[in-house]
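Inspection log for the structure reproduced underneath, given as structure tokens.
The values are calculated or read from the model by the stated rules, or taken from the named source; none is laboratory data. Remember, predicted model here, so these are calculated numbers, not experimental data. Here Cβ is always computed from backbone atoms with ideal geometry, including for glycine, and neighbour counts include all displayed protein chains.
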Amino acid sequence: MQLDHVAEELFPLVRLKQQRLRDHMSRATTLFKTYLAQKQFEATEHVEELMLLRQLRKRGLNDTHQQHCQLLKQKLEQSPNSNGRNFRNLFFLAAEEEAYFRMSGERKGSENIAFMDKYLDLCFVSRKLSNLCEMANRETILTVKYQRHFEEIIPQLLDNHNYNYLLVPDIRVQKAILDMLNDPEEPMHYREVLKLCELHQEKFTTAQLSRFYEHAQNYCIRQINKGVSSYFEEIFRLYKKMLKLEAFGYKEMMSHAHYKNIVTTGLRLKEFAWVKKFLEEYKDSLPGDIRYSAYTQNLASYYYETGQHEKVKELLVKVEFADVYYAMGAKYLLIKVFYEGDELIPLHYQLASFERFLKRKKALSVERRKQDLKFVKIVQRMLKIKEYRYFKSAEYIDKQKKELKEMLESEIPPVNLSWLKKQFALL
């Protein structure tokens, strides 16, 4: 924003010097930052009440302080939410009551330090489990390795004769999630997570449920990647449950990745009518900067899976996608449509265009580029067999097929391997 334009809007009758304008802008920026901080302060649950208690104590307003303490204590203890934030607020309240006890010199209130200790432990265990779960999850997704401090003492903390932490729903679910992440070959941990989320649903915030189910979804994705296809039904049930609960804020703003994953899973399970309704119902919930790309490419996937190849071409041939991955998805669909329809001239063009695109895009990882280029090479070889089979010898074609089969079975699998195998079987 130009300072001159701001000055014209704010001070149309006065010509201000540049330095005065900068001073005004600096003060306005400071006020705006203060406003944002105040809005966050107001939005943070119970922080205003806790700060008020501190000021009441410091000003010696003891009766009012004690009344507010009791009201806030009842509110927090009766809260249906079981989470680290609630335990933290209870800890701060106990700390405030302990500070009042020390200042007043009264005998009543000596148990506050025990409450402080209890809620500090609950807050620590809840937060520590949450962090451990997220680190374990990222280790599988990002191929990084974290030092998971104190993980070995978690079983000892939970198996405590003084306090059974597993009676706390938040802690029990997160322990089950950690078990699921650390022992992925045992499906009973996954079942336990779902059972506990269902059982204690009313005790969790929307954000908690979102996080718990996201761990369950990631588990399903990992099982699918291992070839356990029954988890497609599992993850689809989870997606539908979360849509119903609106646990990801889907109606307000849906991640385009969630949108694509839901569509892809539904199409895989041939839930075509459901997918079409979902595409239209949730398209306006997508972020504005990627809405068109996400909707168009996913609609094209729907048309492809329902055999409406002409509509795929109509939708994608003249479209330029700003996002590299949606652009790639569109090119894959067009290659499939042209190949399956024996449209050899546009197929040659698309393959050459896609190869140039892949070599030009630096955003792609080296490994991903290899897999994509391998897909292009395999389709080019299959196309060659299609074109040569009428005037080359059977021995030549068999040799080409043998080499092609070796490419499909090599250690570095190409993208869209199942589609390639299906088309190879038809040669």
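Before we move on, is Asn86 out of contact with any strand residue (DSSP E or B) (no Cβ under 8 Å at 6 or more places or on another chain), buried (at least 18 other Cβ atoms within 10 Å of the Cβ), within 30 Å of Val173 (Cβ to Cβ) and free of Cβ contacts under 8 Å to residues at least 12 places away in the same chain? Can you show your working first?
Details: out of contact with any strand residue (DSSP E or B) (no Cβ under 8 Å at 6 or more places or on another chain): yes; buried (at least 18 other Cβ atoms within 10 Å of the Cβ): yes; within 30 Å of Val173 (Cβ to Cβ): yes; free of Cβ contacts under 8 Å to residues at least 12 places away in the same chain: yes.
In short, yes.
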Failed item in (1) at pLDDT below 90; (2) surrounded by fewer than 19 Cβ atoms within 10 Å (Cβ to Cβ); (3) in a helix (DSSP H, G or I), with Gln208 passing the rest: (2)
In the range 270-297, residue nearest to Lys318 (Cα to Cα) [restricted to those that are at pLDDT below 95 and among the aliphatic types (A, V, I, L, M)]: Ala294
Any chance Gln380 is out of contact with any helix residue (DSSP H, G or I) (no Cβ under 7 Å at 6 or more places or on another chain), in contact (Cβ under 8 Å) with a residue 24 or more places away in the chain, surrounded by 14 or more Cβ atoms within 10 Å (Cβ to Cβ) and not basic (Lys, Arg): no
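Every residue, every condition in (1) at pLDDT 95 or above; (2) in contact with a helix residue (DSSP H, G or I) (Cβ under 7 Å, 6 or more places away or on another chain); (3) under 14 Å from Lys313 (Cα atoms), yes or no:
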site: Ile335; (1), (2), (3): yes, yes, yes
site: Ile345; (1), (2), (3): no, no, no
site: Leu358; (1), (2), (3): no, yes, no
site: Ala363; (1), (2), (3): no, yes, no
site: Arg369; (1), (2), (3): no, yes, no
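Per-residue answers, yes or no, for (1) farther than 26 Å from Ser229 by Cα; (2) of a type in the set (Gly, Ala, Ser); (3) loosely packed, with under 14 Cβ neighbours inside 10 Å:
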position	(1), (2), (3)
Tyr349	yes, no, yes
Asp372	no, no, no
Asp398	yes, no, yes
Glu409	no, no, yes
Ile412	no, no, yes
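Quick check on Thr64: is it of a type in the set (Val, Ile, Thr), over 23 Å from Tyr165 (Cα atoms), within 33 Å of the chain's Cα centre (by Cα) and at pLDDT 85 or above? Spell out how you get there, then give the answer.
Details: of a type in the set (Val, Ile, Thr): yes; over 23 Å from Tyr165 (Cα atoms): yes; within 33 Å of the chain's Cα centre (by Cα): no; at pLDDT 85 or above: yes.
Against the criterion (of a type in the set (Val, Ile, Thr), over 23 Å from Tyr165 (Cα atoms), within 33 Å of the chain's Cα centre (by Cα) and at pLDDT 85 or above), Thr64 does not qualify.
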